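To start, the structure under review is shown below, and the notes come after it.
The values are calculated or read from the model by the stated rules, or taken from the named source; none is laboratory data. Keep in mind the model is a prediction, meaning the values are calculated, not measured. Every residue, glycine among them, receives a Cβ derived from its backbone with ideal geometry; neighbour counts consider all protein chains shown. These area figures cover heavy atoms from the full protein model, side chains too; ligands, DNA and RNA do not enter into them. Shrake-Rupley method; radii C 1.70, N 1.55, O 1.52, S 1.80 Å.
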Amino acid sequence: MCRSIKTLRPPALPEEATEEDIRAAALQYVRKVSGFRAPAAHNREVFDQAVEAIAAATAELLGNLEVRGAPARRQAG
């Protein structure tokens, strides 16, 4: 669907995806689904909320995926 969204998990990326990588992918997704590259002023808030929600869901997904053959993730804390 969104050819410009790259895979954000190893081994596609040699390191873990950054917050910037995740937000860029979320923005591309919202742009594609909404059909707007940049929303009109009256849609800006809902557009930005969607980007943030998708970025959060993406970060959670990447944080919980188990990739076979990849080194174990280091737990923060």
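Before we move on, is E15 modelled with pLDDT under 95, open to solvent by 50 Å² or more (accessible area, probe 1.4 Å), among the charged types (D, E, K, R) and assigned to a helix (DSSP H, G or I)? Steps first, answer last, please.
On the way: modelled with pLDDT under 95: yes; open to solvent by 50 Å² or more (accessible area, probe 1.4 Å): yes; among the charged types (D, E, K, R): yes; assigned to a helix (DSSP H, G or I): no.
Criteria not met by E15.
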What is the residue count in the range 37-62 for residues that are at pLDDT below 95 and surrounded by 12 or more Cβ atoms within 10 Å (Cβ to Cβ)? 5
Identify, please: which residue in the range 18-32 is open to solvent by less than 90 Å² (accessible area, probe 1.4 Å) and out of contact with any helix residue (DSSP H, G or I) (no Cβ under 7 Å at 6 or more places or on another chain) and is, among those, farthest from I5 (Cα to Cα)? T18
